[in-house]
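Data block below; observations after.
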Amino acid sequence: MSYDLFFTLPADIAQDDIEAHFRQRRHYRVDGGATYENPDTGVYFSFAVDQGEASVEQCTGPQRRIAFNLNYFRPHIFGLEAEPEVSAFVERFNPVIEDPQVQGMANGPYSTEAFLRGWNCGNEVAYRSIIESHGKSNTFLSLPAAAIEGAWQWNRAVPKMQAAHGESLFVPKIMMLNVGGHAKSSVVWGDGIPTLLPEVDIVFVYRDELAPKPLFGQRTKDHCLVTQSELDDVLEPLSEKGYPLPVRTPTYVEAPAVVSKFVRKLPKYTGPLERVTMDRVLSRELLDKSR
């Protein structure tokens, strides 16, 4: 199930011009069509040359038809990230639009509001359909929509934040974990190094130099999971500082004794744990509504 738009362009718009448009934009792989994949956010969708016949009545003469495709049963941020890319394509080529979605824009004109309305409506139908077909008791990973959007906004900003701080501070991406059957937002904090820690469900503490050393044998790398409340005694509190999420900003260059001691004494985590892609973490409100 997917959200589909069809764009009809005059045949005198060269394929090379269409491909050049996508090549000058980030995260596209261009090969006839254009596939968008953002490694920072996990969002993906595609534009492809459509082999079907244009059905829009006002199109006459030779046509070039481009099909946009965005999978349903995804968190709502897929639509939020796709819309500016669709908008840029429409602005560049001024195509005739064919939108078959319920509550969509029909034959245009294009608008951000209409795109998101059609996407959200179709996505909700897909949630309901898939849940019904799999059974309401089926376990799907989910987080509140605000938490998903906050992580998305953070990850989109990571390259700029890291560039601003240089090598003095590590800015981690937020990753999604399946911890015992529950989705958790998380970031990696390695060996207590200076790290800009955003407000997430759990912090994945990676230990190398600070891993426990047995009386006999070599130190073994491991990891621990800690909650925000456990960090309150050793790090600066979460605060609003103009980032997409509240953060804990380190005040040290090298981990002080209190931080090193805290990390060393953490219990090793040995429970079930799986890193999952963003497309597997559904919007909880929409999931609950569909059930």
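Within a 10 angstrom radius of the beta carbon, how do L235, L245 rank from fewest other beta carbons to most?
Numbers: L235 22, L245 19.
Listing L235, L245 from fewest to most nearby Cβ atoms yields L245, L235.
Among the listed pairs K213/K268; K213/K261; K173/K268; K184/K221; K221/K265, a Cα-Cα separation exceeding 18 Å is found for K173/K268; K184/K221. Peptides 260-267, 161-168 ranked from most to least packed, by the mean per-residue count of other Cβ atoms within 10 Å: 260-267, 161-168.
If you place +1 on the Cβ of every Lys and Arg, -1 on the Cβ of every Asp and Glu, and leave all else neutral, what size is the dipole of the chain about its Cα centre, to the nearest 20 Debye? It comes to approximately 1200 debye. Classify the stretch 116-262 from the C-alpha gyration tensor, please: rounded if a/c falls under 1.5, else prolate or oblate depending on whether a/b exceeds b/c. Judged from the Cα gyration tensor, the stretch 116-262 comes out oblate (a/c at least 1.5, b/c at or above a/b). The sum of -39500 (n - 2.57) across all DSSP H runs of n ≥ 4, divided by the residue count of the chain, sets its helix-only mean residue ellipticity at 222 nm to -10000 deg cm²/dmol. Using the Cβ-Cβ distance between R25 and S239 with R0 = 30 Å, the FRET efficiency computed as 1/(1 + (r/R0)^6) comes to roughly 0.30. Estimated at 0.36 nm per residue, the fully extended path between A88 and M1 surpasses their Cα-Cα distance by 28.9 nm. Look at the Cα gyration tensor of the stretch 2-134: its axes a ≥ b ≥ c give a/c of at least 1.5 with a/b at or below b/c, and that counts as oblate.
Each value in this text was obtained by applying a stated rule to the coordinates, not by laboratory testing. Note that the structure is predicted; figures quoted are calculated from it, not measured. Every residue, glycine as well, gets a Cβ built from its backbone with ideal geometry; the counts of neighbours run over all protein chains shown.
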